[in-house]
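The values are calculated or read from the model by the stated rules, or taken from the named source; none is laboratory data. Everything numeric in this text was worked out from a predicted model, so none of it was measured. Cβ placement follows ideal geometry from the backbone for every residue including glycine, while neighbour counts extend to all protein chains displayed. These area figures cover heavy atoms from the full protein model, side chains too; ligands, DNA and RNA do not enter into them. Shrake-Rupley method; radii C 1.70, N 1.55, O 1.52, S 1.80 Å.
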Amino acid sequence: MANKKILYLIILFGLILRIVYYLNFAYYKNIDGYLSIGRVLHETKTFGGDRQYYEDAKYDSSYIESRFNNKKNPIVVRNGKKIILTAILPFGWPFQITVIYSIFGKNNIDALLIYNIILSTITIYLFYKIASKFFNPEIGLISSFFAAIDPSFITECARTLTDTSFLFFFMLSIYFFISTLDYKLL
């Protein structure tokens with residue numbers, strides 16, 4: 001019972017650190033195209049980049065023209081926009097952005113960052129569960145505490161990058177995998 005209270009305090013402390021960082025240092029710049037990719041996916045249901053994506057990313061106009069006039073680039077037209085199809089970015093993160101935009105409104109970056117904070121906080125709990133399963137609850141508490149205070153983990157949840165989402169789903173898959181070890185599979 002004492003471990004549960006300590007775990008709740010660690011998770012609450014981690015959540016507070018993330019909220020404070022979000023309120024003071026959230027990074028809204030579209031430095032990597034993920035928000036533009038999410039916008040394109042949301043508006044056209046196509047995974048790629050349109051001219052606005054390249055303009056938002058401050059590409060030179062001659063570069064943009066060369067991309068759209070190159071016959072090697074697979075280009076489709078959807079909703080009146082020419083889209084260069086691309087597979088250079090992981091599909092899962094832009095898809096998550098699209099779902100959030102569908103629920104909370106197009107280009108609602110605050111909703112996206114709050115989603116990251118939620119995933120990050122749940123990941124702290126997953127650290128506890130996995131370490132407790134492999135070792136013991138005390139090691140789980142130490143593991144979750146380090147996850148709660150890790151500066152890079154805190155800063156990444158206040159940015160529009162894929163790191164928080166990746167770590168959450170990675171830890172969730174590990175948790176599900178070790179949970180199945182309790183059951184005898186035929």
| said: From the list ASN79, ASN24, ASN108, ASN73, exactly one residue is among the polar types (S, T, N, Q) and at pLDDT 85 or above. Which is it? | reply: ASN24
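Could you list all residues from the range 63-83 that are in contact with a helix residue (DSSP H, G or I) (Cβ under 8 Å, 6 or more places away or on another chain) and within 20 Å of HIS42 (Cβ to Cβ)? Let's see the steps before the verdict.
From the range 63-83, those in contact with a helix residue (DSSP H, G or I) (Cβ under 8 Å, 6 or more places away or on another chain) are 63-64, 67-68, 73, 75, 78-79, 81-83; that's our starting set.
Within the range 63-83, ILE75, ARG78, ASN79, LYS81, LYS82, ILE83 meet the criteria.
Name the residue that is most open to solvent (accessible area, probe 1.4 Å), counting only residues in the range 68-120 that are basic (Lys, Arg) and either free of Cβ contacts under 8 Å to residues at least 24 places away in the same chain or touching a Gly at 6+ places or on another chain (Cβ under 7 Å) (or both).
Here is the first cut: in the range 68-120, the residues basic (Lys, Arg) are 71-72, 78, 81-82, 106.
If we keep only those that are either free of Cβ contacts under 8 Å to residues at least 24 places away in the same chain or touching a Gly at 6+ places or on another chain (Cβ under 7 Å) (or both) as well, we get 71-72.
Working: LYS71: 195, LYS72: 179 Å².
Here the residue is LYS71.
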| field | Where ASP163 falls short, out of the listed (1) open to solvent by 80 Å² or more (accessible area, probe 1.4 Å); (2) closer than 15 Å to TYR115 by Cβ | value | (1)
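If you go through the range 174-185 one residue at a time, do you hit one that is of a type outside the set (Asp, Glu) and within 15 Å of ILE118 (Cβ to Cβ)? Even if it seems obvious, please write down each step before you answer.
Going residue by residue through the range 174-185, those that are of a type outside the set (Asp, Glu) are 174-181, 183-185.
Narrowing the set further to residues that are within 15 Å of ILE118 (Cβ to Cβ) leaves none.
Within the range 174-185, none of the residues are of a type outside the set (Asp, Glu) and within 15 Å of ILE118 (Cβ to Cβ).
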| task | With a cut-off of at least 2 residues that are among the aliphatic types (A, V, I, L, M), name the helices (runs of 4 or more DSSP H) lying wholly within the range 51-120. | result | 92-104
| Limited to the range 128-160, what total is found for residues that are surrounded by fewer than 16 Cβ atoms within 10 Å (Cβ to Cβ), within 18 Å of LEU15 (Cβ to Cβ) and aliphatic (A, V, I, L, M)? | 1
